[in-house]
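Okay, so here's the structure we're looking at.
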Ligand SMILES: NC(=O)C1=CN([C@@H]2O[C@H](COP(=O)(O)OP(=O)(O)OC[C@H]3O[C@@H](n4cnc5c(N)ncnc54)[C@H](O)[C@@H]3O)[C@@H](O)[C@H]2O)[C@@H](O)CC1
Ligand SMILES: Nc1ncnc2c1ncn2[C@@H]1O[C@H](COP(=O)(O)OP(=O)(O)O)[C@@H](O)[C@H]1O
Ligand SMILES: [K+]
């Protein structure tokens, strides 16, 4: 159930199911209507009546089925519409079979105590919602009527979660077969209220033909790849992670990342510090090691002697030439030394703002995995054209950026998207807003490096870290500060690995 389908893929699922069933697509519409009614009767059973707003397509078709089924149960129903579905469509057939008299949508006036069924537009939304459609949605919103949206709140784009024109906030959205990006990406996720996925009789086997590449970020995606130490392991086998520290006044971010790497299981973690910051770092580090790296030669020597498995560069590091130089050395160490994986975060992302192609070229020919972890602001510095393209969803932006950068892209936020250059993508859905606090991204960068260092592949490492970070955040809740996150990891990992203490 964790596949996420684009509206086009959903149309394909619909078509394949209709073909396989032999009875066309109308039975799916009947099932969709029945599924919405079942939810209505469970959650809005005490409504005095139901106002069903029907659009001109198959979303409206679902609405006619819903109105008929509610009417057949003897419930009070009013049906409102602007345009009739075109002849020959499932929507037209549903309208024909509905005995209720349709009222003009522009006369819609919500009744106190009545619930509203929004069946104006779903997957087929193709332009901004305006005119009588927009007015009807605004009236329902103003009246604060309970709203159940069919497939999507009308006006929310299924592929992106963006609002086209006007929409409303639903209490409940019932979608069919699988969720679409619009249910998970903001603002769509908020506008949907709770989203329920109903079975309308489309067999899961159609997914083998469609082969969707986007998933909801659940443990099923990566759980089997989570590192578990062998009984006869030793600390360097569990991955040595190195984190670059900034100058004396900006060392905390690197230590947060280092702590994240250590707590997620890296066997050894070293903070690489400029000389002037060694004392301040030393005062705050215990299990985590400290090593002076300020110049190119020191970094090369550290790599040659200690063979770290993964690096983090960026948190608190500064945006100058050193960030670029160290990045390139890590991605292309001296010949004969295997390149370590690299998580490039925060300042190191910004450091390439003027020369993004230099980073992408270095990643393209590196044997190591590069993981980029920008928030939206940092993303816009590295990929200004993608950030400015209003037609691209967050999912699509992350995907295109991953291909361009030859990197796993973690586009952070309330709806973090993880994308791999091979086209796979995941949307994280369980983060808590308490994660929006300084330093929490630094911990995440360290966690990703910690998993990479233990041998987890890049996409799965990034997905797992994002999920475990969110789970740690949820367990802390109100009052969360970044320092709390690594400390929650033992219990979060225990639960995820199914290990007893
Ligand atoms: N794909 C499936 O498997 C199933 C789909 N079903 C329903 O079918 C819906 C998709 O049906 P359609 O493809 O007909 O799409 P919609 O009914 O969502 O919308 C398309 C219609 O609305 C018009 N339209 C779009 N945006 C408009 C706007 N802003 N202002 C005015 N008119 C606008 C279009 O010209 C077209 O007539 C789904 O959302 C779902 O509710 C269900 O019946 C069950 C099965
Ligand atoms: N509203 C939100 N809901 C859930 N998670 C959020 C929200 N805002 C930010 N986050 C998460 O918090 C972290 C913040 O990272 P970042 O912006 O890099 O901050 P910092 O640089 O201070 O560490 C990211 O993991 C991001 O996905
Ligand atoms: K709708």
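The values are calculated or read from the model by the stated rules, or taken from the named source; none is laboratory data. Fair warning: this is a prediction, and the values are worked out from it, not measured in the lab. Here the Cβ positions follow ideal geometry from the backbone for every residue, glycine too, while neighbour counts run over all protein chains shown.
Annotations for the structure displayed:
- Residues in the stretch 363-386 that are assigned to a helix (DSSP H, G or I) and either within 24 Å of residue 312 (Cβ to Cβ) or in contact (Cβ under 8 Å) with a residue 12 or more places away in the chain (or both): 363, 364, 376, 377, 378, 379, 380, 381, 382, 386.
- Qualifying residue in the stretch 436-451 (condition: assigned to a helix (DSSP H, G or I), in contact (Cβ under 8 Å) with a residue 40 or more places away in the chain and farther than 27 Å from residue 227 by Cα): no
- Single residue of 396, 487 found to be in contact with a helix residue (DSSP H, G or I) (Cβ under 8 Å, 6 or more places away or on another chain) and either farther than 19 Å from residue 345 by Cα or not assigned by TED's automatic domain parsing to the domain that holds residue 185 (or both): 487
- When we screen 182, 188, 122, 158 for residues that are crowded, with 23+ Cβ neighbours inside 10 Å, within 30 Å of residue 17 (Cα to Cα) and more than 19 Å from the chain's Cα centre (by Cα), the only hit is 122.
- Residues in the stretch 80-94 that are surrounded by 15 or more Cβ atoms within 10 Å (Cβ to Cβ) and within 16 Å of ligand 3 (Cβ to nearest atom) were compared, and the one that is farthest from residue 33 (Cα to Cα) is 82.
- Answer from 134, 95 - the residue that is farther than 30 Å from residue 417 by Cα, outside any loop (DSSP other than H, G, I, E, B), within 11 Å of ligand 1 (Cβ to nearest atom) and touching a residue at least 24 places away in the same chain (Cβ under 8 Å): 134
- Some residue of the stretch 214-227 being within 16 Å of ligand 2 (Cβ to nearest atom) and either buried (at least 16 other Cβ atoms within 10 Å of the Cβ) or not assigned by TED's automatic domain parsing to the domain that holds residue 43 (or both): yes
- Residue selected from the stretch 99-119 under the condition buried (at least 23 other Cβ atoms within 10 Å of the Cβ) and within 15 Å of residue 62 (Cα to Cα), by the criterion farthest from ligand 3 (Cβ to nearest atom): 116
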